[in-house]
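A.B. asks: One structure, as structure tokens, below. Some questions next.
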Amino acid sequence: MSRKVVEIAGRRFALSNLEKELYPSHGFTKGQVLEYYRRMTEFILPHLKDRALTLKRYPDGVEKDFFFEKRCPLHHPPWVETAEVFHKGERMTACLVNNPETLLWVENLASLELHVPLARTSSPETPDAMVFDLDPGEQATILDCARVALILRELLTRLELASYPKTSGQKGLHVFVPLNFQGATFDDTKKFSKAVAVIMQKNYPDLVTAKMAKEQRKGKVFINWSQNDASKTMICVYSLRAREKPFVSFPLEWGELEHPAGQGNPEGLQVMYSEAVSRAEKMGDLFREVLVKKQKLPHL
Amino acid sequence: MAVQGMWSGTISFSLVAIPVHVVKAVKPGRITFRTLHSKDYSPLARRMFCPKQGEIVPPDEIVRGYEISPDKFIPVTDEELESVSPERSRTIEIIEFIDMNEVDPIYFDHPYYLVPSKGGEKAYRLLALVMSRTNRAGLARFVLAEREYLVAVKSSEGALTLFTLHYSEEVLSDDGIAPKEGKIEAKEKSRMEKNIENMMADFDPGKYADERRGKVMELLKKKMKENVPVEAPAGEEEEGEGPPDLVAALEDIMRDMKKNR
Amino acid sequence: MTRGTIWKGYIHFGDTDVPVKLHAAIKEERIQFHLLHRSDHEKLHQQMICANEKTPVPPEAQIKGFEVEEGKYIIVDPAEMEQTTPESSRMIEVHEFVKTEQIDPIFLDRVYYLAPDSDISASGYSELVGALRETGVEGICTWTMRKRSYLGALKASGKILRLNTLRYADEVISIKALELQEIPVSEKELKIGSDLINQLTVPFQPQKFENEHQKRLQKLIEKKAHGEKVVLLRPRILQPTASDQLLQVLEASLKKAA
């Protein structure tokens, strides 16, 4: 009853527990999660490709225990591509979501969230983007993040760097700066993003902090530059988040941040799974440039 | 016991040798916390530390030592340890088979699963099927680091399960536990039996959950809703604000941006 | 408490209450090693080292965080953790009884011997032993001991009661997760395999097995203490049986066993 054998790209496998509610407050079932990722395959796959996947599995739904898995589960099907990676000095085999069947397989493991590094496994020390992770402290919201993102965008534009925002699917925003050139290093992206965060803090002390400590973050937006690290992962664009509501980490147009929908309601900027599908199908991949646009960091 | 992470080698019975690896069969249900530095939330890691030199000692500079007299140690290398029982350090050799029903459960220590390594799939399957058909378990010994384990390998739903067993010398005598004189009143006993009968059920451990774990999970959920998670700094904090050219450029832009606002 | 008593409580079900004392059933004695610095044989200590500063951090500067995402933590302080401790109680509450053979040994964790708490409870104790033995069942029970809640199976063994702690169901990894392949095996292979196993079956006699390794290890240490040279031996590594040779090897094994 709860098993269903599907065939995809000529490969058959069984999906299980399809009627299990993974987001109980929304009655959003595992079957619907699989359907979401199936419809989003063409958009999300290019962003997952050749990156070591960190699974974050919620076998009993978002209200129950979850676990991280950096290692590819031992008995992965033979058609799941893998790569040997080093994490904190430890060698391990990681899954690469390089084909639609692998995406379906990891979702069958209830890995609602898909986290990937900023570099591909073939060149783990070469980030193909620089990221600013805007994280609101207590009493701040995603709308404050939007204000910070707009300032950041102007700063970057004047440095002749194009940037692309997405929701984190939680409370914050991520601003990506595509690099896509051979010589990029995490050393450079970290230095650069930190300098930007520090200058933003200096000029907008009531709005921005570049400091980790929690007491410094109250009412402000923390620009987390430290994500620019080979050992860190980011939530992949178009991934679901395991919050109470099935929000997606979704790309936005800058105009949406200038005039946020929702009349001051922070949730106005969030994108639910259903809206994500219709928007992606209508607008295409707003994050496409992040994968291809070549940019160099100036003044280093 | 501590077959930590994974062990791989061979399980053998008579002339048959099957390449396998040992994987966990149970995982701790406890919710695990990381220990962090209160100052900046940097994660802490257990490391061996030399008090004399005041520094962390990397694994390749560590050797086991037996304390022969107070503060006097005899070092023993991994190679020497492996030489103690060379026939058992890479092979789980089943020496005999036993009827699983004869094993007093008090002997069970810790369970693991065996899974076949490449090329061992068929022989593994055969051993699992045959042991299940005959309700037998294989008795073997094998050595890991400084310890030797007596193990029972049994078949369960097509898988081989390995139980480390206690040695009989480790099982304490229960002499003196039983009451010296406990008069059994037949009436009382049959009343108990009746109660038991009324409370019979099928074994279903899934009905019971760790109360504490549930509470900890609730606490964490509540805190996650109310708080933004804290974060550790990435690597060493670099001093200063960044490359001078970049900082100068950023400051220029900022000044201009604010003027035009 | 008398010597050896770990905890005191009482078994409860229906209108039965039997006060008991928990005693250890297993004692492990093993050669203990310390870890030394290879260069000067200085004894090393375990310390909590800060990933950032690479220096030991004293206990008062350590806090507990739950990792919600790589490198991101929710901090939980000891007072909050204290709130989650289950209410203390002395009751070992039996919820139901099950047939012994239904309990898969994978659930069995630690065994305690139960002794009657006093002479007064001796009769109730012995009656319970008798009732459990004759019905061939075990009581599935829960209790709280030292701020932890336990699940267990209460059973009779000879004239005494034993309490076996059980793992919670979600702590046992499902065999399905191993995703073992169902490789076909011929009836002939099964038959010869079964014959072989029957040939090699003996009664379970755990007393036969001593911890030989421990004794050899002791010898090795003595040798080294006397400055004698230790001969290094390479571990034996067996050649795996090839799948297409399996039947042949089984037949040869059977011949050897007979």
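A.B. asks: Place a label point 7 angstrom from the Cα of C:H95 along the Cα-to-Cβ direction, then list the residues of the range C:124-146 whose backbone nitrogen is under 19 Å away.
C.D. replies: The answer is C:137-146.
A.B. asks: So for the pair A:K49, B:K27, with labels modelled 7 Å out along Cα→Cβ, what separation do we get in nm?
C.D. replies: Placing both labels 7 Å along Cα→Cβ, they lie 3.1 nm apart.
A.B. asks: For a test of the definition: using alpha carbon positions, the gyration tensor, and the 1.5 limit on a/c, classify the range A:184-300 as rounded, prolate or oblate.
C.D. replies: Oblate is the answer for the range A:184-300, as a/c is 1.5 or above yet b/c matches or exceeds a/b.
A.B. asks: For the protein assembly as shown, which cysteines have no second Cys with its Cβ under 4.7 Å from theirs?
C.D. replies: If one checks each Cβ against the other cysteines of the protein assembly as shown, A:C145, A:C236, B:C50, C:C50, C:C141 turn up with nothing under 4.7 Å.
A.B. asks: Separate question: For a test of the definition: using alpha carbon positions, the gyration tensor, and the 1.5 limit on a/c, classify the range A:124-248 as rounded, prolate or oblate.
C.D. replies: Oblate is the answer for the range A:124-248, as a/c is 1.5 or above yet b/c matches or exceeds a/b.
A.B. asks: Distance between Cα centroids, the range A:74-137 to the range C:124-171: provide it in whole Å.
C.D. replies: 46 Å
A.B. asks: Moving on. Count, for each residue of C:5-15, the Cβ atoms from other chains sitting within 10 Å of its Cβ, then give me the mean as a whole number.
C.D. replies: 1
A.B. asks: A follow-up question, please. What does the C-alpha gyration tensor say about the overall shape of the range C:90-162? Classify as rounded when a/c is under 1.5, otherwise prolate if a/b is larger than b/c, or oblate. All intermediate terms of the calculation are to be shown ahead of the outcome.
C.D. replies: Values: a/c = 1.86, a/b = 1.11, b/c = 1.67.
Oblate, since a/c reaches 1.5 and b/c is not below a/b.
A.B. asks: Can you list residues whose amide H is under 5 Å from C:R38's amide H, if they're 5+ apart or on another chain and H is modeled 1.01 Å from N?
C.D. replies: For C:R38, the qualifying residues are B:I62, B:V63.
A.B. asks: Moving on to the next point. Only four residue types carry charge here, +1 at the Cβ of Lys and Arg and -1 at the Cβ of Asp and Glu. Report the dipole size of the range A:3-116 about the Cα centre in Debye, rounded to the nearest 20.
C.D. replies: So the magnitude is around 140 debye.
A.B. asks: For chain A, find the longest principal axis of its Cα atoms and tell me its angle to the long axis of helix A:186-203, 0 to 90°, nearest 10.
C.D. replies: With both axes taken from Cα atoms, the answer is about 50 degrees.
A.B. asks: Note down the magnitude of the dipole of the protein assembly as shown about its Cα centre, charges +1 on Lys and Arg C-beta and -1 on Asp and Glu C-beta and zero elsewhere, to the nearest 20 debye. Present the calculation step by step, with values, prior to reporting the outcome.
C.D. replies: Working: 115 positive and 122 negative charges, 76 e Å.
I would put it at about 360 debye.
A.B. asks: Rank-order A:10-19, B:249-258, C:131-140 by packing density, defined as the average count of other C-beta atoms within 10 Å over each peptide's residues, highest first.
C.D. replies: Values: A:10-19: 13.1, B:249-258: 15.2, C:131-140: 20.2.
Result, highest mean Cβ count within 10 Å first: C:131-140, B:249-258, A:10-19.
A.B. asks: To continue, here is another question. Grab the beta carbon distance between C:R133 and C:S174, set R0 = 30 Å, and tell me the FRET efficiency rounded to 0.05.
C.D. replies: FRET efficiency, C:R133 to C:S174: 0.35.
A.B. asks: How many Å³ per residue does the convex hull of the Cα positions in chain B occupy?
C.D. replies: Taking only Cα atoms, chain B has a hull volume of 340 Å³ per residue.
A.B. asks: Placing +1 on the Cβ of each Lys and Arg and -1 on the Cβ of each Asp and Glu in the protein assembly as shown, which of A:N265, B:H37, B:G65 has its Cα farthest towards the positive end of the resulting dipole?
C.D. replies: A:N265
A.B. asks: Which loop-located trypsin sites (Lys or Arg not before Pro) does the range B:86-169 contain, where loop means any DSSP state but H, G, I, E or B and the Cβ has at most 12 other Cβ atoms within 10 Å?
C.D. replies: On the way: sites: B:R88, B:R90, B:K118, B:K122, B:R125, B:R133, B:R136, B:R141, B:R147, B:K154; in loops: B:R88, B:R90, B:K118.
Qualifying residues, ordered by number: B:K118.
A.B. asks: PRE reach from C:D15 (point 7 Å along Cα→Cβ): which of the range B:189-216 fall under 15 Å by backbone N?
C.D. replies: B:189-196
A.B. asks: Go ahead and run the numbers for FRET between A:T157 and C:R38, Cβ-Cβ distance against an R0 of 51 Å, rounding to 0.05.
C.D. replies: Working: r = 57 Å, r/R0 = 1.12.
That gives a FRET efficiency of 0.35.
A.B. asks: Which FRET efficiency, nearest 0.05, do C:K255 and A:S123 yield, Cβ-Cβ r, R0 60 Å?
C.D. replies: The value I calculate is 0.55.
A.B. asks: As a check on your grasp of the helix formula, calculate [θ] at 222 nm for chain C: sum -39500 (n - 2.57) over DSSP H runs of n ≥ 4, divide by the residue count, round to the nearest 500.
C.D. replies: -7000 deg cm²/dmol
A.B. asks: Per residue of C:239-250, count partner chain C-beta atoms within 10 Å of its C-beta, then hand back the mean as an integer.
C.D. replies: 5
A.B. asks: Hey, another quick one. With just the Cα atoms defining each centre, how far is the range A:44-58 from the range B:83-155? Give it in Å.
C.D. replies: Computed from Cα coordinates, the inter-centre distance equals 38 Å.
A.B. asks: Can you find, among A:V116, A:I8, A:S25, the residue farthest towards the positive end of the dipole of the range A:3-116? Put +1 on the C-beta of Lys and Arg, -1 on that of Asp and Glu.
C.D. replies: Going by the Cα projections, it comes out as A:I8.
A.B. asks: Let me ask something else about it. Select from the range A:86-177 those trypsin sites (Lys or Arg not before Pro) which occupy a DSSP coil region and have at most 16 other Cβ atoms within 10 Å, ordered by residue number.
C.D. replies: A:K88
A.B. asks: Moving on to the next point. Restrict the search to the range A:158-225; then list the chymotrypsin sites (Phe, Trp or Tyr not before Pro) that DSSP places in a loop and that have at most 13 other Cβ atoms within 10 Å of their Cβ.
C.D. replies: Of the chymotrypsin sites (Phe, Trp or Tyr not before Pro), the ones in loops of the range A:158-225 whose Cβ has at most 13 other Cβ atoms within 10 Å are A:F181.
A.B. asks: Tell me, what ³J(HN,Hα) does each residue in the range A:61-72 have, in order and in whole Hz, if you take phi through Karplus 6.51 cos²θ - 1.76 cosθ + 1.60 with θ = phi - 60° and put x for Gly and Pro?
C.D. replies: x, 5, 8, 10, 4, 9, 9, 7, 9, 8, 7, 6
A.B. asks: Okay, next question. How many percent of the alpha carbon pairs in the protein assembly as shown exceed a separation of 51 Å?
C.D. replies: 27 percent
A.B. asks: Angle, helix B:121-134 long axis vs. longest principal axis of chain B, Cα atoms, 0 to 90°, nearest 10?
C.D. replies: 40 degrees
A.B. asks: Further question: Can you compute 3J(HN,Hα) from phi for each residue in the range B:212-228, using the Karplus curve 6.51 cos²θ - 1.76 cosθ + 1.60 with θ = phi - 60°, rounded to whole Hz and x for Gly and Pro?
C.D. replies: Once θ is set to phi - 60°, the couplings for the range B:212-228 become 5, 4, x, 5, 5, 4, 4, 4, 5, 4, 4, 5, 5, 5, 8, 10, 7 Hz.
A.B. asks: If you plug each phi of the range B:79-91 into the Karplus form 6.51 cos²θ - 1.76 cosθ + 1.60 with θ = phi - 60°, what whole-Hz ³J(HN,Hα) values come out, in order, with x for Gly and Pro?
C.D. replies: 5, 5, 4, 5, 6, 5, 9, x, 7, 10, 8, 10, 10
A.B. asks: What does the structure give for B:118-125 when I average, per residue, the other chain Cβ atoms found within 10 Å of the residue Cβ?
C.D. replies: For this peptide, the per-residue mean of nearby foreign Cβ atoms is 6.
A.B. asks: Using the Cβ atoms and a cut-off under 11 Å, what net charge is assigned to the surroundings of A:W254, where Lys and Arg are +1 and Asp and Glu are -1?
C.D. replies: Around A:W254, the surrounding residues sum to -3.
A.B. asks: Which log10 I(q)/I(0) values, to two decimals, does the range A:3-116 give at q = 0.11, 0.19, 0.23 Å⁻¹ under the Debye formula with one point per Cα?
C.D. replies: -0.34, -1.02, -1.41
A.B. asks: Sticking with the crude label model, points 7 Å out along Cα→Cβ, report the distance from C:R236 to C:K215 in nm, one decimal please.
C.D. replies: Using points 7 Å along Cα→Cβ, the separation is 1.8 nm.
A.B. asks: In the range C:85-100, whose amide N lies under 20 Å from the spot 7 Å out along Cα-to-Cβ of B:K223? List them in ranges.
C.D. replies: It comes to C:85-87, nothing else.
A.B. asks: With the crude spin-label approximation of a point 7 Å out along Cα→Cβ, what separation in nm comes out for B:M257 versus A:R288?
C.D. replies: Computed distance between label sites B:M257 and A:R288 equals 2.9 nm.
A.B. asks: Nearest 20 debye, what's the magnitude of the dipole of chain A about its Cα centre given +1 on Lys and Arg Cβ and -1 on Asp and Glu Cβ?
C.D. replies: Details: 42 positive and 38 negative charges, 81 e Å.
The dipole of chain A has a size of about 380 debye.
A.B. asks: Nearest 5 percent is fine: what portion of the DSSP beta bridges confined to the protein assembly as shown is antiparallel?
C.D. replies: 95 percent
A.B. asks: Something else now. Among A:M283, A:M200, A:M40, which one moves the most in a GNM of chain A with springs linking Cα atoms closer than 10 Å?
C.D. replies: Ranking A:M283, A:M200, A:M40 by mean-square fluctuation puts A:M283 first.
Quick note: the coordinates plus some simple rules give every number you see, no bench work behind them. No experiment lies behind these values; they were computed from the predicted model shown. Because the Cβ atoms are built from the backbone with ideal geometry, glycine has one as well, and the counts that use them run over all protein chains shown.
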